[in-house]
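Worksheet: one structure, shown below.
Read the figures in this text as sums done on the coordinates, not as results from a lab. It should be emphasised that the depicted structure is a prediction, and the values quoted were computed from it without experimental measurement. Because the Cβ atoms are built from the backbone with ideal geometry, glycine has one as well, and the counts that use them run over all protein chains shown.
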Amino acid sequence: MIDVVGKKYTTPFSKGILAGSLLKAGLDVDKAYRMAEEIGQKIVSSGVSSISEQDLTDMTHQLLLDDGYPRIASYYEMWHSLRKKKQSLVILLGGATGIGKSTVAFEISYRLGIHSIIGTDVVREVMRKMVSRDLLPTLHTSSFSAWKEIQAPSSFLSAVIYAFELQVSHVSVGVNAIINRALTEGFSLVMEGIHLVPGYIEPRDQTIFHFVLTLNDREEHISRFHARAKDSRRPPEHYIKDIDEIRQIQDHIVGRANKERVPVLENITLEETVTQILNRMYDRLQKEAVTDE
């Protein structure tokens, strides 16, 4: 058994953990595990019983360079720097109902090794138990049907958007509390949900990455509801009957994202969307690292 020696601890060498860190840097699954296996064999063949954490990092970084992955080598080095600083990452994925936010959130959390995933609907559900329907009626219904609970103050306002914004303003209290807790305690978090509307997120920490996902094709949007019905008790018709309101909310969120300069990504395929998110994160983190230096 090979030990990896850090400054304050010693742990057994794990190909799985090393592969995970390579995945986080952007290497695909097969290559990550093959490279971890290769590094493990090199350590064993050297005849040593232990290796320092820094030497293991340097060896991995050099192998990435030798195999023609300079960009991934740079990302790998950056993630280790973040880990040393105990810097948390908060990734927020907003967008309309039914466009695949939760699927993207799970994939991002897997790629980055982040164990905390929260949906804003869970936050809303908790708040519903604490606040009565009479006090905040829009909190007790779906985002796209909240307009049925109240009267807009003016005929010049969209009732759908007015009620939606009310719901978002209430849920954002809980959302911002969770984000602040993550930043204060230093743990990483992926949060997804329709309530992550640009302009309502209070913390402006450099480790918060906010994205808005969209789906421009109406028919594709409808088909997503049929697809996700396999894993849901609610029939797709529950959402499709309100597709106009859902699409109206999507346009509103995109408008706010453009105003607040939050990246808007069309979620056509999972792999493409995840790659875009990770690349934007890597690029920004690297620029900030250079600035800090």
Whichever lysines have a C-alpha closer than 26 Å to that of LYS129, once near sequence neighbours (fewer than 8 apart) are set aside: LYS101, LYS148
Rg/Rh (Cα only; Kirkwood hydrodynamic radius) as it applies to segment 3-85: 0.94
Dipole magnitude of the chain about its Cα centre (Cβ charges: Lys, Arg +1; Asp, Glu -1), debye to nearest 20: 680
Candidate aspartates and glutamates for bridging to LYS259, where Cα separation is under 14 Å - those fewer than 8 sequence places away on the same chain excluded: ASP251
Debye log10 I(q)/I(0) for segment 89-183, one point scatterer per Cα, at q = 0.17, 0.23, 0.25 Å⁻¹: -0.82, -1.21, -1.31
Anchor LYS8: lysines whose Cα lies under 29 Å away (excluding residues fewer than 8 positions away in-chain): LYS24, LYS42, LYS84, LYS85, LYS86
THR269/ASN180 FRET efficiency (R0 30 Å; Cβ-Cβ; nearest 0.05): 0.35
Å³ per residue enclosed by the Cα convex hull of segment 168-271: 136
Highest-first arrangement of 8-15, 151-158, 165-172, 250-257, where packing means the average Cβ count within 10 Å: 165-172, 250-257, 8-15, 151-158
Stretchable slack from LYS287 to ASP66, in nm (0.36 nm times residue separation minus alpha-carbon distance): 77.1 nm
P(r) tail fraction, the chain - alpha-carbon pairs more than 28 Å apart, %: 46
Chain lengthening between ASN216 and VAL122 when straightened (0.36 nm per residue, less Cα-Cα): 31.2 nm
Computed P(r) (all Cα pairs; segment 1-143; 5 Å bins; percent): 2, 8, 15, 16, 14, 12, 8, 6, 6, 5, 4, 2, 1, 0, 0
Gap separating the Cα centres of segment 22-42 and segment 52-92, nearest whole Å: 12
Given charges at beta-carbon only (K, R positive; D, E negative), |dipole| of segment 1-157 in Debye: 580
Where labels lie 7 Å past Cα in the beta-carbon direction, separation of SER132 and MET59 in nm: 6.6
